[in-house]
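What follows is a structure written as structure tokens; I'll ask about it next.
The values are calculated or read from the model by the stated rules, or taken from the named source; none is laboratory data. Keep in mind the model is a prediction, meaning the values are calculated, not measured. Please note: Cβ atoms are built from the backbone with ideal geometry, for glycine as well, and neighbour counts cover all protein chains shown. Heads up: the accessible areas ignore ligands, DNA and RNA and are worked out on the full protein's heavy atoms, side chains in. Shrake-Rupley method; radii C 1.70, N 1.55, O 1.52, S 1.80 Å.
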Amino acid sequence: ADAIVAAAAASDAATVEAVLELPLEGETVASRIEAASAKLGEKLVLRRIARYDGPVAVYLHKRSSDLPPAVGVLVSFSGEGDAAAEAARGAGMQVAALKAKYASRDEVPADVIENERRIAEETARAEGKPEQALSKIVEGKTVAYYKDTVLPDQPSVTDNKKSVQQVLDEAGVKVNAFTRFEVGQE
């Protein structure tokens with residue numbers, strides 16, 4: 001895996017197909033993966049890649065100390081110094097643990113928010129909530145959705161008294177984007 005990452009990083013390959021065709025120690029990445037798959041007796045597939053410009057923090061999570069990492073997160077960030085890099089790595093740990101989907105509220109598709117609002121309103125009506133309370137209930141459910149799916153809105157796994165945004169602000173870091181990889185994930 002490290003050799004494949006190094007080959008991809010040294011190239012300008014932007015798709016899985018392009019990475020699979022890269023040369024790697026006298027063969028292609030695809031043939032190297034096939035050989036490893038045959039040796040291990042496990043189906044190995046390169047399904048996704050991610051490339052970022054600028055600083056990138058990496059967080060790798062092991063589910064067991066005797067196994068290789070099963071979850072990896074790349075975090076593209078803006079910030080300077082070791083504290084910024086460590087905060088970005090912490091954001092990667094956050095993404096690995098709580099599976100954030102978006103780096104900001106702006107990334108959440110409008111139709112997703114509208115659907116969440118519709119479900120919250122229908123549920124509140126079905127529960128017989130008063131009409132005048134519906135807007136507050138819907139807003140509360142929307143904020144809860146953001147806390148579940150938007151990285152800066154989540155409660156920090158490293159400091160439960162702060163949001164991820166507060167932790168990042170203290171370190172002078174902005175998360176631009178992230179990609180979460182998990183063994184077996186599509």
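Mind telling me which of the residues 177, 103, 124 ends up being in contact with a Leu (Cβ under 9 Å, 6 or more places away or on another chain), modelled with pLDDT under 95 and not β-branched (Val, Ile, Thr)? Show your work before the answer.
On the way: 177 fails: modelled with pLDDT under 95; 103 fails: modelled with pLDDT under 95.
Every option except 124 fails the conditions.
Does residue 150 satisfy the criteria of being open to solvent by less than 70 Å² (accessible area, probe 1.4 Å) and either under 30 Å from residue 122 (Cβ atoms) or of a type in the set (Gly, Ala, Ser) (or both)? Walk me through it before giving the result.
Details: open to solvent by less than 70 Å² (accessible area, probe 1.4 Å): yes; either under 30 Å from residue 122 (Cβ atoms) or of a type in the set (Gly, Ala, Ser) (or both): yes.
Yes, satisfied.
Quick check: is even one residue across the stretch 126-134 of a type in the set (D, E, K, R) and in contact (Cβ under 8 Å) with a residue 12 or more places away in the chain?
Just the residues of the stretch 126-134 that are of a type in the set (D, E, K, R), to begin with: 127, 129, 131.
Narrowing further to those that are in contact (Cβ under 8 Å) with a residue 12 or more places away in the chain: none.
Checked the stretch 126-134: no residue is of a type in the set (D, E, K, R) and in contact (Cβ under 8 Å) with a residue 12 or more places away in the chain.
Got a number for residues in the stretch 127-186 being over 24 Å from residue 51 (Cβ atoms), in contact with a strand residue (DSSP E or B) (Cβ under 8 Å, 6 or more places away or on another chain) and among the hydrophobic types (A, V, I, L, M, F, W, C)?
Residues in the stretch 127-186 being over 24 Å from residue 51 (Cβ atoms), in contact with a strand residue (DSSP E or B) (Cβ under 8 Å, 6 or more places away or on another chain) and among the hydrophobic types (A, V, I, L, M, F, W, C): 0 in total.
Which ones in the stretch 41-68 are basic (Lys, Arg) and over 20 Å from residue 158 (Cα atoms)? First the steps, then the outcome.
At the first step, the residues of the stretch 41-68 found to be basic (Lys, Arg) are 43, 47-48, 51, 62-63.
Those that are basic (Lys, Arg) and over 20 Å from residue 158 (Cα atoms): 43, 47, 48, 51.
Counting only residues that are surrounded by fewer than 16 Cβ atoms within 10 Å (Cβ to Cβ) and among the hydrophobic types (A, V, I, L, M, F, W, C), which one in the stretch 47-68 is farthest from the chain's Cα centre (by Cα)?
67
Right, something else. For residues that are over 18 Å from residue 181 (Cα atoms) and open to solvent by less than 30 Å² (accessible area, probe 1.4 Å), scanning just the stretch 20-43, find the one that is farthest from the chain's Cα centre (by Cα).
Going through the qualifying residues, I end up with 24.
Pick out the one residue from 80, 116, 17, 107 that is within 19 Å of the chain's Cα centre (by Cα), of a type in the set (Asp, Glu) and within 27 Å of residue 176 (Cα to Cα). Explain how you work it out, then say what you get.
Working: 80 fails: within 19 Å of the chain's Cα centre (by Cα); 116 fails: within 19 Å of the chain's Cα centre (by Cα); 17 fails: within 19 Å of the chain's Cα centre (by Cα).
Going through 80, 116, 17, 107 in turn, the sole match is 107.
Hey, among the residues in the stretch 82-96 that are open to solvent by 10 Å² or more (accessible area, probe 1.4 Å) and either in contact with a Phe, Trp or Tyr (Cβ under 9 Å, 6 or more places away or on another chain) or over 20 Å from residue 152 (Cβ atoms) (or both), which one's modelled with the lowest pLDDT?
If we filter the stretch 82-96 for residues that are open to solvent by 10 Å² or more (accessible area, probe 1.4 Å), which is where we start, we get 82-83, 85-87, 89-90, 93, 96.
When the remaining residues are screened for being either in contact with a Phe, Trp or Tyr (Cβ under 9 Å, 6 or more places away or on another chain) or over 20 Å from residue 152 (Cβ atoms) (or both), the result is 82, 85, 87, 89-90, 93, 96.
Working: 82: 92, 85: 95, 87: 95, 89: 97, 90: 96, 93: 96, 96: 96.
Checked the stretch 82-96; the qualifying residue modelled with the lowest pLDDT is 82.
Pick from 112, 71: which is β-branched (Val, Ile, Thr), open to solvent by less than 80 Å² (accessible area, probe 1.4 Å) and in contact (Cβ under 8 Å) with a residue 12 or more places away in the chain?
Details: 112 fails: in contact (Cβ under 8 Å) with a residue 12 or more places away in the chain.
After applying the criteria, what remains is 71.
How many of the residues making up the stretch 58-77 are closer than 19 Å to residue 177 by Cβ and among the small types (Gly, Ala, Ser)?
2
Let me ask something else. Just to be sure I understand, how many residues within the stretch 145-183 are touching a residue at least 24 places away in the same chain (Cβ under 8 Å), more than 29 Å from residue 47 (Cβ to Cβ) and in a strand (DSSP E or B)?
0
Only one of 133, 110 is farther than 30 Å from residue 70 by Cα, of a type in the set (Gly, Ala, Ser) and modelled with pLDDT under 95. Can you tell me which? Outline the logic, then answer.
Values: 110 fails: modelled with pLDDT under 95.
Sole residue among the options that is farther than 30 Å from residue 70 by Cα, of a type in the set (Gly, Ala, Ser) and modelled with pLDDT under 95: 133.
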